[in-house]
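Have a look at the structure below before the remarks.
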Amino acid sequence: MKKLNTLLAQKENLLSIYFTCGYPELGDTTHVISALEKSGVDFIEVGLPYSDPLADGPTIQDSSQKALENGINLDIVFEQLMTIKATNKTPLVLMGYLNQMLKYGEEKFCQKVIDCGIETLIIPDLPMVEFENHYQALFDKYGLTNVFLITPNTSEERIRKIDNYTKTFIYVVASSSITGAKGAISKQQMDYFKRVKAMQLKSKLIIGFGISDKPTFTTACDFADGAIIGSAFIKHLGSHGVENIDTFISPIKA
């Protein structure tokens, strides 16, 4: 069974951290993964820097821009991930955009992902119709699974359709906006989480966008199987460096 699926089946209150490859420095990708693993993170969302990240807020956009200025590209990302493949035991999920895969070459991209030991992709701008007509078969060919995102505006019909296609988890976007820490979780968001939970979907649910600290993480876990923290971690990483990653993670896991 895939590492991530095993984790999802065996553990609750999963903590995932998103980071941007090549940030703060070009060579920090492997150092960040190693530090996150030592801190006890359950799985890691590996962000591919992109010049037009539609789903990302200012913090992650800035980290992508800095990484690109550092000289990061997909070849370097894959080289970095290969160097840590043998030692890293924490499941990795690769998050990028459809145009990155198209420019790199779909088959080549998928092969590189698998070579790096990664089995799950998050492509936020991949249309459902494109997945059905082409990418489902492509991902199946390489043994890759795709994570779909849902928002407060996603219809029940579409959520159930996504549930049928899902082989790992559904990414429950906490608000109909871009990424970024937004303070406490609102009653409106909790009503949305309750609605999705009440649907009794077969898939695991992981909440993201706006999860930033212990209180928001704990609240998210009341309604889902875990949560992803991105922007708040990127801010901490930019201010305190790779050597102080555990000072961010420890209070959340405590």
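The values are calculated or read from the model by the stated rules, or taken from the named source; none is laboratory data. Given the structure is predicted, the values throughout are model-derived calculations rather than measurements. Because the Cβ atoms are built from the backbone with ideal geometry, glycine has one as well, and the counts that use them run over all protein chains shown.
Quick check: anything in region 35-45 over 17 Å from Lys253 (Cβ atoms) and either of a type in the set (Asp, Glu) or outside any loop (DSSP other than H, G, I, E, B) (or both)? Let's see the steps before the verdict.
Of region 35-45, the ones over 17 Å from Lys253 (Cβ atoms) are none.
Looking for residues that are over 17 Å from Lys253 (Cβ atoms) and either of a type in the set (Asp, Glu) or outside any loop (DSSP other than H, G, I, E, B) (or both), one finds none in region 35-45, hence no.
I need every pair where a residue in region 70-94 that is more than 26 Å from Phe169 (Cα to Cα) has its Cβ under 7 Å from the Cβ of a residue that is surrounded by fewer than 23 Cβ atoms within 10 Å (Cβ to Cβ) and of a type in the set (D, E, K, R), sequence separation at least 6 or different chains.
From region 70-94, the pairs are Asn70/Glu25.
Test of understanding: among Glu119, Glu156, which residue is over 24 Å from Thr59 (Cβ atoms) and free of Cβ contacts under 8 Å to residues at least 60 places away in the same chain? Let's see the steps before the verdict.
Details: Glu119 fails: free of Cβ contacts under 8 Å to residues at least 60 places away in the same chain.
Matching residue, one of Glu119, Glu156: Glu156.
Please state which one of Asn164, Asn153 is part of a loop (DSSP other than H, G, I, E, B) and out of contact with any helix residue (DSSP H, G or I) (no Cβ under 6 Å at 6 or more places or on another chain). Give the steps one after another, and end with the answer.
Values: Asn164 fails: part of a loop (DSSP other than H, G, I, E, B).
The unique qualifying residue is Asn153.
For His31, work out the one condition from (1) outside any helix (DSSP H, G or I); (2) closer than 26 Å to Lys11 by Cβ; (3) more than 15 Å from the chain's Cα centre (by Cα) it doesn't fulfil.
(1)
Can you tell me which residue is farthest from Tyr192 (Cα to Cα) among those in region 208-242 that are of a type in the set (Val, Ile, Thr) and in a helix (DSSP H, G or I)? Show your work before the answer.
So the first thing to find is which residues in region 208-242 are of a type in the set (Val, Ile, Thr), and the list is 211, 216, 218-219, 228-229, 234, 242.
Filter again for in a helix (DSSP H, G or I), leaving 216, 218-219, 234, 242.
Details: Thr216: 15, Thr218: 16, Thr219: 13, Ile234: 26, Val242: 35 Å.
Out of the qualifying residues, it is Val242.
Can you name the condition, by its number, that Thr20 falls short on among (1) β-branched (Val, Ile, Thr); (2) more than 12 Å from the chain's Cα centre (by Cα); (3) crowded, with 21+ Cβ neighbours inside 10 Å?
(2)
State yes or no: is Gly230 among the small types (Gly, Ala, Ser), in contact with a helix residue (DSSP H, G or I) (Cβ under 8 Å, 6 or more places away or on another chain) and buried (at least 23 other Cβ atoms within 10 Å of the Cβ)?
Values: among the small types (Gly, Ala, Ser): yes; in contact with a helix residue (DSSP H, G or I) (Cβ under 8 Å, 6 or more places away or on another chain): yes; buried (at least 23 other Cβ atoms within 10 Å of the Cβ): yes.
So Gly230 passes the test.
Only one of these is surrounded by fewer than 20 Cβ atoms within 10 Å (Cβ to Cβ), polar (S, T, N, Q) and within 26 Å of Lys253 (Cα to Cα): Gln10, Gln65. Name it. Break it down into steps so the answer makes sense when it comes.
On the way: Gln65 fails: within 26 Å of Lys253 (Cα to Cα).
Result: Gln10 is the single residue among Gln10, Gln65 that is surrounded by fewer than 20 Cβ atoms within 10 Å (Cβ to Cβ), polar (S, T, N, Q) and within 26 Å of Lys253 (Cα to Cα).
Just the residues that are closer than 11 Å to Gly40 by Cβ and exposed (fewer than 14 other Cβ atoms within 10 Å of the Cβ), please, taken from region 240-254.
Result: Ser250, Ala254.
Which one of the conditions (1) in a helix (DSSP H, G or I); (2) free of Cβ contacts under 8 Å to residues at least 40 places away in the same chain; (3) of a type outside the set (Phe, Trp, Tyr) does Ser51 fail to meet, given that it meets all the rest?
For Ser51, the failing item is (1).
Can you pull out every residue in region 159-172 that is among the hydrophobic types (A, V, I, L, M, F, W, C) and either surrounded by fewer than 22 Cβ atoms within 10 Å (Cβ to Cβ) or in contact (Cβ under 8 Å) with a residue 60 or more places away in the chain (or both)? Walk me through it before giving the result.
So the first thing to find is which residues in region 159-172 are among the hydrophobic types (A, V, I, L, M, F, W, C), and the list is 159, 162, 169-170, 172.
Within region 159-172, Ile159, Ile162, Phe169 meet the criteria.
I'm trying to understand the selection: among the residues of region 179-207, which are surrounded by 11 or more Cβ atoms within 10 Å (Cβ to Cβ), assigned to a loop (DSSP other than H, G, I, E, B) and at pLDDT 95 or above?
Passing the criteria: Met199, Leu201, Ser203.
Of everything in region 63-104 that's closer than 24 Å to Lys2 by Cβ and among the small types (Gly, Ala, Ser), which residue is nearest to the chain's Cα centre (by Cα)? Walk me through how you get there before you give the answer.
Of region 63-104, the ones closer than 24 Å to Lys2 by Cβ are 74, 77-98, 100-101, 104.
This time we only want the ones that are among the small types (Gly, Ala, Ser), so: 86, 96.
On the way: Ala86: 21, Gly96: 9 Å.
Per the stated criteria, the residue is Gly96.
For Asn133, indicate whether it is within 16 Å of the chain's Cα centre (by Cα) and not in a loop (DSSP other than H, G, I, E, B). Can you show your working first?
Numbers: within 16 Å of the chain's Cα centre (by Cα): no; not in a loop (DSSP other than H, G, I, E, B): yes.
No; evaluated as a whole, the condition is false for this residue.
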